[in-house]
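The block underneath contains the structure these notes are about, expressed in structure tokens.
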Amino acid sequence: MPRILVSAGEPSGDLHGARLVRECLTLCPELQVDAIGGEHLADSGAVLRADRTDKAVMGWLPVLSQLGSIIDYSASFVEELLIEPPDHLVVIDYPGLHGNLAAIAKRLGIPVTYYICPQVWAWAPWRIKRIASCADQLLVVIPFEEQLYSPYHSNVVHVGNPVFDHLSDAGPAPELPGYSGKPILALLPGSRRQELLNGLPALVSAAKELRKEQRDLDIWISCQRQELMPIVKRIVGNDDSIHIHSGEARALQSRARLAIVCSGTATLETAWHGVPMVVAYPANELQRSLYNLLGVSPFFSLVNLFAGEAVVPEKLVDPGDGAAVARLARPLLDESVAADQVSNLESLKRDRFRPGASLQAAKSILNQIPNSGVTLI
């Protein structure tokens, strides 16, 4: 019986990994799947061995703060690989953890697939070669990444983006308790603790500035993880005119008049719903300089990367600089400007937002397992 181990280190990887596992089990019912992830992988048919999705961090200092935990976890991971090695290891995004774990597994002779190769090209392009070297197969989800990784690896496959799999069969948007019917200004600050701390204050400040110019705007913040709610409430303070939605972001995205989004899959989700948006990502002066110096793409937002042009305004802003975010978003208060962007987003969705990535990824992984009993093209 073939056995694979799937590792997802953060909530988005848990979601995409769960869909991947379901596709694998449909194609190969006898497959045994163990997983490191969260509730979605636990419900997918995989046996959950550990959950680290609530410990996802970005940046050197947060990683250092969890160094002891990471070392302990890595040691137990290696022990498990030695005692009961899987036929294949699949790691999903999250380079801070998975680059090292994949390299360890490969040295132990365990074949590795890196699914959703991380966007190291945006901030640290020198890591492209390292990511490529730690896996036997690279499954990329942004079209231009295939060309980016191919000089460093002979087996790079663009499978599409699993975000569109989820969106295409998600069904009607969930209810939005407390929705008054007023135009919604949606703030989508991301799902990581650092993203909230660094980015949300500027988004809230910008939203208040925009509401001064359009009084009927209703400000809503998306908080997708309940454990982050205290941070959101602390940033909002005692302003009870700002609403916080805990749950699926599409409850807001499907109803929003305008959205301010941090970079990430939320930009694709918002574009799918045809919502006018700007993308504002917090970055200090050093980070902006490094991006301008080292970035291999003229864009960092996924919407513009898929389009290959600036469909939505994007900007790296100083943490806390709400005025800069407001300047970026202000033109979209004009209905005609917003309508033009919506038209472009609808064309992009029609031409390039195609489901099927999870199935293609499952086929590519099973093709790497000689004893899976499945031969797929």
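The values are calculated or read from the model by the stated rules, or taken from the named source; none is laboratory data. These numbers come from a predicted model, not from an experiment. Here the Cβ positions follow ideal geometry from the backbone for every residue, glycine too, while neighbour counts run over all protein chains shown.
Of note:
- Subset tally (residues that are free of Cβ contacts under 8 Å to residues at least 60 places away in the same chain and touching a helix residue (DSSP H, G or I) at 6+ places or on another chain (Cβ under 8 Å)) for segment 278-297: 3
- On inspection, Ala202 qualifies as farther than 19 Å from Val275 by Cα, surrounded by 21 or more Cβ atoms within 10 Å (Cβ to Cβ) and outside the structural domain of Pro11 (by TED's automatic domain parsing).
- The helices (runs of 4 or more DSSP H) located wholly in segment 296-377 that include 2 or more residues which are of a type outside the set (A, V, I, L, M, F, W, C) and surrounded by 14 or more Cβ atoms within 10 Å (Cβ to Cβ) occupy 322-329, 335-352, 357-366.
- Any hit, segment 228-240, residues being out of contact with any strand residue (DSSP E or B) (no Cβ under 7 Å at 6 or more places or on another chain), among the small types (Gly, Ala, Ser) and either surrounded by 18 or more Cβ atoms within 10 Å (Cβ to Cβ) or touching a residue at least 24 places away in the same chain (Cβ under 8 Å) (or both): no
- Verdict on Lys208 being loosely packed, with under 15 Cβ neighbours inside 10 Å and outside any loop (DSSP other than H, G, I, E, B): no
- If the condition is being within 23 Å of Val279 (Cβ to Cβ) and among the acidic types (Asp, Glu), then segment 152-189 contributes only Asp165.
- On inspection, Gly199 passes the criterion of being within 19 Å of the chain's Cα centre (by Cα) and not charged (D, E, K, R).
- Filtered by the rule that a residue be in contact (Cβ under 8 Å) with a residue 12 or more places away in the chain and basic (Lys, Arg), segment 94-147 gives Lys106, Arg127, Lys129, Arg130.
- The set of residues in segment 79-108 that are of a type outside the set (S, T, N, Q) and farther than 19 Å from Val33 by Cα comprises Tyr94, Pro95, Gly96, Leu97, Gly99, Ala103, Ile104, Arg107, Leu108.
- Only residues that are in a strand (DSSP E or B) and either touching a Gly at 6+ places or on another chain (Cβ under 9 Å) or not aliphatic (A, V, I, L, M) (or both) were counted in segment 211-238, giving 4.
- A single member of Val112, Val140 is outside the structural domain of Ile242 (by TED's automatic domain parsing) and in contact with a His (Cβ under 7 Å, 6 or more places away or on another chain), and it is Val140.
- The sole residue among Ser343, Ser336, Ser347, Ser289 that is modelled with pLDDT under 95 and in the same structural domain as Glu195 (by TED's automatic domain parsing) is Ser289.
Yes or no, residue by residue, for (1) among the hydrophobic types (A, V, I, L, M, F, W, C); (2) under 27 Å from Asn198 (Cβ atoms):
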residue	(1), (2)
Leu290	yes, yes
Asn304	no, yes
Ala323	yes, yes
Leu328	yes, yes
Ser347	no, no
Ala362	yes, no
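- Number of residues in segment 169-188 that are at pLDDT 95 or above and within 27 Å of Tyr281 (Cβ to Cβ): the value is 7.
- Here Thr265 does not fit the description of being at pLDDT below 95, more than 19 Å from the chain's Cα centre (by Cα) and either hydroxyl-bearing (Ser, Thr, Tyr) or assigned by TED's automatic domain parsing to the domain that holds Thr113 (or both).
- Among all positions in segment 147-162, there is no residue which is at pLDDT below 95, of a type in the set (Val, Ile, Thr) and either outside any helix (DSSP H, G or I) or assigned by TED's automatic domain parsing to the domain that holds His88 (or both).
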